[in-house]
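Got a structure for you, written out below as structure tokens; questions coming shortly.
The values are calculated or read from the model by the stated rules, or taken from the named source; none is laboratory data. Keep in mind that what you see is a predicted model, and the values were worked out from it rather than measured. Please note: Cβ atoms are built from the backbone with ideal geometry, for glycine as well, and neighbour counts cover all protein chains shown.
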Amino acid sequence: MKDEKLSRKQLFLLSSLIFGMFFGAGNLIFPVQLGQNAGHNWLPATAGFLLTGCVVPFLAMLAVSMTHSKSVYDVAAPVAPWFGTVVLVAVHMTIGPLFGTPRTAATAFSMGVSPFVSAKYQNLAMFLFSAAFFGLAYFLTVKQSSLMKWVGKYLNPLFLVLLVVLLVLALVLPMGSLHQSVGTSYQSNAGFQGILDGYNTMDGLALLAFAVTAVYAVRHMGFEGKSVSKVLAKAGLLSIFWEALLYVGLVLLGVSSLGKMSVAANGGTAFSDVVTHYAGNFGVLATGVLVTLAVFTTAMGLFASFAQDLHRAFPKLSYLWWLRLTAVGSFVTANAGLTNIVKWSVPVLMLLYPYALALITLGVLNKWVKQSPYLYRSVMAFVTVPAFLDCLANSPLLSMTTVNTVVNDYHQYFPFAGNGFGWVVPALVGAAVGLVWQLVGQREGATVSQTEDQEESKLA
């Protein structure tokens, strides 16, 4: 079936699967938050957001396909086996119990429960809600419940329909104009800030971990070899087109909302406030239930993938042990609140994304790179220093005088460092060094081989 054409039904099914992997809690709340913060500078900010929120995950999926990887470990393993393990653990901890999974419960609470609870009982309500949320997710994941498929088949489409209705209402009956005040971070270089905001979706990291699911789906349809990447490209482009439309609509929703309300503490609260404006408390309750069910299945998927991949990497610890770890860890982190989860995730994402983007680029260029250890090791080595400095620049440690001085020097002397992209030029230098290193290594190998051949001929 290598030459079989992709049917419309297959294209639709595959693009729906990819869209489901893309769209989660963060994809709903961060565009609204960006709109409120960017104000009338929403266009360049949105363009940047689409780059890391849509294009990068799409390329991550292709990178997994082109390198024939079975997990995120395989994507990073050309550097060294230990590096592949470190990347696998870092990615799963980030999209798992540290930030991604706790965000599902925090978003559901912020949008569906918090509006109905008085201020003095917010912490208690969150504690009880997150305990029930993650306890049930753990139980159903252990039991391998079919709830995930049922919700994905019926309730997720219903939620998307309600979301589209809300966006149409906002278009017909806007809360305000698009000429709203601009937040500090977006007053200059709004496009760069939008790119950094796209990191918050975590889709670039998540697709490195989950893309193999889409690859297996394509192979199950009967496609093989180079056809797999071509089919993924078609289905992926269709899915990110629809996702990009939703992103733009949500950004505009956030911008126009400033005509009736002030900037919210987080995107979940902002979205809930908008729903209240258009549909009242009943709308908030209905949306909250659907969002909760949607992110609940996301949490179950994250639980399972975390336990499966880490059990595979560390087989001495059982699948159930890892499942308990992510359930308890997610519960603890979720009770920090959505605003704090987002704030704490920024330095970690600023550390991980340079590595992820470099690995994705090398994977997409695998036709020429061929997973060369020379290139991989050199690029990763050159990316390391700016990645850690970007992390420091966005961490609480910046208040320390020594750290502040180092970061200021970094921003002054590294191109694009002030905008969060100081790793780009070092990565290019690393690629050049890696190419030279590879050429030298190949010549030395050829010389050694020639010498051995000459010695063997003399002995003969």
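Of Ser318, Ser262, Ser239, Ser257, which residue is within 15 Å of Ala170 (Cβ to Cβ), out of contact with any Pro (no Cβ under 7 Å at 6 or more places or on another chain) and in the same structural domain as Val32 (by TED's automatic domain parsing)? Working first, answer last.
On the way: Ser318 fails: within 15 Å of Ala170 (Cβ to Cβ); Ser262 fails: within 15 Å of Ala170 (Cβ to Cβ); Ser239 fails: within 15 Å of Ala170 (Cβ to Cβ).
Going through Ser318, Ser262, Ser239, Ser257 in turn, the sole match is Ser257.
Considering only the range 422-431, I want to know if a residue exists there that is outside any helix (DSSP H, G or I), surrounded by fewer than 19 Cβ atoms within 10 Å (Cβ to Cβ) and not assigned by TED's automatic domain parsing to the domain that holds Phe192.
no
This table checks each residue for (1) closer than 29 Å to Phe314 by Cα; (2) surrounded by fewer than 23 Cβ atoms within 10 Å (Cβ to Cβ).
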| position | (1), (2) |
| --- | --- |
| Asp74 | yes, yes |
| Pro81 | yes, yes |
| Ala90 | yes, yes |
| Met93 | yes, yes |
| Gly100 | yes, no |
| Thr104 | yes, no |
| Phe109 | no, no |
| Ser130 | yes, yes |
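Determine whether Val379 is modelled with pLDDT under 95, over 20 Å from the mean Cα position of the chain (by Cα), closer than 21 Å to Gly204 by Cα and of a type in the set (A, V, I, L, M).
Criteria not met by Val379.
Looking for something part of a helix (DSSP H, G or I) and either under 20 Å from Lys370 (Cα atoms) or of a type in the set (Ser, Thr, Tyr) (or both) - is there at least one such residue anywhere in the range 20-34?
No, the range 20-34 contains no residue that is part of a helix (DSSP H, G or I) and either under 20 Å from Lys370 (Cα atoms) or of a type in the set (Ser, Thr, Tyr) (or both).
Does Phe282 meet the test of being in the same structural domain as Met93 (by TED's automatic domain parsing) and in contact with a His (Cβ under 7 Å, 6 or more places away or on another chain)? Spell out how you get there, then give the answer.
On the way: in the same structural domain as Met93 (by TED's automatic domain parsing): yes; in contact with a His (Cβ under 7 Å, 6 or more places away or on another chain): no.
For Phe282, the condition - in the same structural domain as Met93 (by TED's automatic domain parsing) and in contact with a His (Cβ under 7 Å, 6 or more places away or on another chain) - is not met.
Could you go through the range 48-57 and let me know if any residue there is part of a helix (DSSP H, G or I), surrounded by 19 or more Cβ atoms within 10 Å (Cβ to Cβ) and over 13 Å from the mean Cα position of the chain (by Cα). So that I can check it myself, show each step before the final result.
Just the residues of the range 48-57 that are part of a helix (DSSP H, G or I), to begin with: 48-57.
Okay, now just the ones that are also surrounded by 19 or more Cβ atoms within 10 Å (Cβ to Cβ), so 48-50, 52-54, 56-57.
Within this subset, residues satisfying the condition of being over 13 Å from the mean Cα position of the chain (by Cα) are 48.
Among the residues of the range 48-57, at least one is part of a helix (DSSP H, G or I), surrounded by 19 or more Cβ atoms within 10 Å (Cβ to Cβ) and over 13 Å from the mean Cα position of the chain (by Cα), which makes the answer yes.
From the list Leu392, Leu351, exactly one residue is modelled with pLDDT of 95 or more and either in the same structural domain as Pro57 (by TED's automatic domain parsing) or hydrophobic (A, V, I, L, M, F, W, C) (or both). Which is it?
Details: Leu392 fails: modelled with pLDDT of 95 or more.
So the residue among Leu392, Leu351 that is modelled with pLDDT of 95 or more and either in the same structural domain as Pro57 (by TED's automatic domain parsing) or hydrophobic (A, V, I, L, M, F, W, C) (or both) is Leu351.
Follow-up question, since we're still on this one. When you scan the range 370-384, do you find a residue that is without any contact (Cβ under 8 Å) to a residue 24 or more places away in the chain and either closer than 18 Å to Val72 by Cα or in contact with a Pro (Cβ under 8 Å, 6 or more places away or on another chain) (or both), even just one?
yes
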